[in-house]
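The values are calculated or read from the model by the stated rules, or taken from the named source; none is laboratory data. Please read these numbers as outputs of a predicted model, since none were measured by experiment. Methodologically, a virtual Cβ is constructed for each residue, glycine included, from the backbone with ideal geometry; neighbour enumeration extends over all protein chains shown.
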Amino acid sequence: MASTLDRLPPYVFYELDARRAHHRAQGRTLIDVGIGSPDGPIPPVVVEAMQRVAADRALSGYPYFRADPAFAAAATTYLAQRFGVTVDPAREFLALAGSKEGIAELILAHVNPGEAVLVPEVYYPVYARATLLAGAEPVFMPFLLDGRLDLDAIPAEPLSRAKVMIMNYPGNPTTASVSLDELARYVAFAERHGLLLLSDLAYSELSFDGFAVPSVLQVPGAARVAVETHTCSKSFNMAGVRIAFVAGQHAAIARLDAYRSNIGYGVSTFAQMAGAAAFANAATIVPPIVAEYRTRRDAIVAAFNAGGWPVQAPRSTMYLWLDVPAGFGDWEWVDALMAGPGVVVTPGITFGDAGRGKFRVSLVQSAERLEAAAQGIIAAARR
């Protein structure tokens, strides 16, 4: 792994940070819509729970290996109430220190050198990087025009070596979402080819206009082949707390537990109690957070459309996924926006070569600032 780490190219967000820091060092004020880091407050009910737990002597000892019973109870109850899914907290559930680390650990626990992982062609970077660190090959699955995975386009040879298939709906950065029937198609494909199906459901609650994001665990029999990660980061404005969970196939959960117990000692009790408060109160926490993102989405989409840049409002996530204007390369466009209107966006190549020619805008500023960002982007494209 050490030599593989040396060969990995620098993480693209580091490059974005360096360019942003360069402009700020020159005294420039930037509208940063690059990183998808929530800017809203942690919900008061979670803050209150954190304040109570901070004085609890239980924090003096090590946490549970798998999950604190209170966190497991709150999260599995959430799954039951939100998706109608029953999960055994003792066998089909594991706490994670954020879903990014959990996804990487799942890959490392299941894949050997020379094997393969099926990754969407536009992807959250950890999918491919963890695969490479395992000495395995990321095999990129193309999208159909509507955002579904083109399973028929996966070559037979790497498919025969594949152990894990990853899907991310609603998608970061694409914002694409799929129906429960489509999730059932992926479950059947995974079962047919002996794959562990890993669903990254980071944006389960950030949906609009009456759309309810489905869970793969709602598919009958999905727990035979699938696991799903859920996180407090985006839905509850808790990215800094680092608390998530994975649920599903008990054999995969057990293997991940074995991996994690060899390199660590569970997940912070403090973080788990914060997560327990979030999931226990999801029904009241989520609506105002979604309403704020809807206001922001509508404001920036209206600003783009008013400026002659047609944009369709996404029905989920906290992003826009847009085309780089003709005549610009990806980083050239990023630099032009920072140097000109002072807007920071993420280049599409952050998310794989298939993202080339696109850029991502994150809804992590006020509606007014997002309108200004859209106007600046339009003006830069015209110049």
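Identify, from the list Thr76, Thr29, the residue that is of a type in the set (Ser, Thr, Tyr) and loosely packed, with under 12 Cβ neighbours inside 10 Å.
Numbers: Thr76 fails: loosely packed, with under 12 Cβ neighbours inside 10 Å.
Exactly one residue qualifies, and that residue is Thr29.
Among Ala326, Ala306, Ala276, which is the only one that is at negative phi, out of contact with any strand residue (DSSP E or B) (no Cβ under 9 Å at 6 or more places or on another chain) and in the same structural domain as Val122 (by TED's automatic domain parsing)? So that I can check it myself, show each step before the final result.
Working: Ala326 fails: in the same structural domain as Val122 (by TED's automatic domain parsing); Ala306 fails: in the same structural domain as Val122 (by TED's automatic domain parsing).
So the residue among Ala326, Ala306, Ala276 that is at negative phi, out of contact with any strand residue (DSSP E or B) (no Cβ under 9 Å at 6 or more places or on another chain) and in the same structural domain as Val122 (by TED's automatic domain parsing) is Ala276.
So which pairs qualify, if the first residue must be in the range 306-321 and aromatic (Phe, Trp, Tyr), the second must be part of a loop (DSSP other than H, G, I, E, B), the Cβ gap must be under 6 Å, and the two must be at least 6 apart or on different chains?
Tyr319/Pro173; Tyr319/Thr175; Trp321/Pro173; Trp321/Thr174; Trp321/Thr175
Please go through the range 29-48 and pick out each residue that is closer than 21 Å to Leu363 by Cα and of a type in the set (D, E, K, R).
First, the residues of the range 29-48 that are closer than 21 Å to Leu363 by Cα: 29-43.
Across the range 29-48, the qualifying residues are Asp32, Asp39.
Out of curiosity, is Ile42 among the β-branched types (Val, Ile, Thr), farther than 25 Å from Leu197 by Cα and at pLDDT below 95? Working first, answer last.
Working: among the β-branched types (Val, Ile, Thr): yes; farther than 25 Å from Leu197 by Cα: yes; at pLDDT below 95: no.
Spelling it out, it is not the case that Ile42 is among the β-branched types (Val, Ile, Thr), farther than 25 Å from Leu197 by Cα and at pLDDT below 95.
Where residues in the range 36-51 are surrounded by 10 or more Cβ atoms within 10 Å (Cβ to Cβ) and free of Cβ contacts under 8 Å to residues at least 24 places away in the same chain, which of them is farthest from Val126 (Cα to Cα)?
Pro44
In the range 213-239, what residues are charged (D, E, K, R) and over 15 Å from the mean Cα position of the chain (by Cα)? Walk me through how you get there before you give the answer.
Of all residues in the range 213-239, those charged (D, E, K, R) come to 224, 228, 234.
Arg224 - this is the single residue of the range 213-239 that is charged (D, E, K, R) and over 15 Å from the mean Cα position of the chain (by Cα).
Mind listing whichever residues of the range 57-91 are among the charged types (D, E, K, R) and free of Cβ contacts under 8 Å to residues at least 12 places away in the same chain?
In the first step, residues of the range 57-91 are kept if they are among the charged types (D, E, K, R); the result is 57, 66, 68, 82, 88, 91.
Answer for the range 57-91, where residues must be among the charged types (D, E, K, R) and free of Cβ contacts under 8 Å to residues at least 12 places away in the same chain: just Arg57.
So which residues in the range 227-252 are in a helix (DSSP H, G or I), in contact (Cβ under 8 Å) with a residue 60 or more places away in the chain and either surrounded by fewer than 22 Cβ atoms within 10 Å (Cβ to Cβ) or among the hydroxyl-bearing types (Ser, Thr, Tyr) (or both)?
The answer is His250, and nothing else.
Just to be sure I understand, how many residues within the range 334-383 are part of a helix (DSSP H, G or I) and either without any contact (Cβ under 8 Å) to a residue 40 or more places away in the chain or not aromatic (Phe, Trp, Tyr) (or both)? Even if it seems obvious, please write down each step before you answer.
Here is the first cut: in the range 334-383, the ones part of a helix (DSSP H, G or I) are 334-339, 348-351, 353-355, 367-382.
Now narrow it down to the ones that are either without any contact (Cβ under 8 Å) to a residue 40 or more places away in the chain or not aromatic (Phe, Trp, Tyr) (or both): 334-339, 348-350, 353-355, 367-382.
So the count comes out to 28.
Do we find that Val33 is within 29 Å of Tyr319 (Cβ to Cβ), aliphatic (A, V, I, L, M) and without any contact (Cβ under 8 Å) to a residue 60 or more places away in the chain in this structure? Even if it seems obvious, please write down each step before you answer.
Values: within 29 Å of Tyr319 (Cβ to Cβ): yes; aliphatic (A, V, I, L, M): yes; without any contact (Cβ under 8 Å) to a residue 60 or more places away in the chain: no.
Spelling it out, it is not the case that Val33 is within 29 Å of Tyr319 (Cβ to Cβ), aliphatic (A, V, I, L, M) and without any contact (Cβ under 8 Å) to a residue 60 or more places away in the chain.
May I ask you to say which residue of Ala202, Ala162, Ala188 is surrounded by fewer than 19 Cβ atoms within 10 Å (Cβ to Cβ) and among the aliphatic types (A, V, I, L, M)? Give the steps one after another, and end with the answer.
Values: Ala202 fails: surrounded by fewer than 19 Cβ atoms within 10 Å (Cβ to Cβ); Ala162 fails: surrounded by fewer than 19 Cβ atoms within 10 Å (Cβ to Cβ).
The match here is Ala188.
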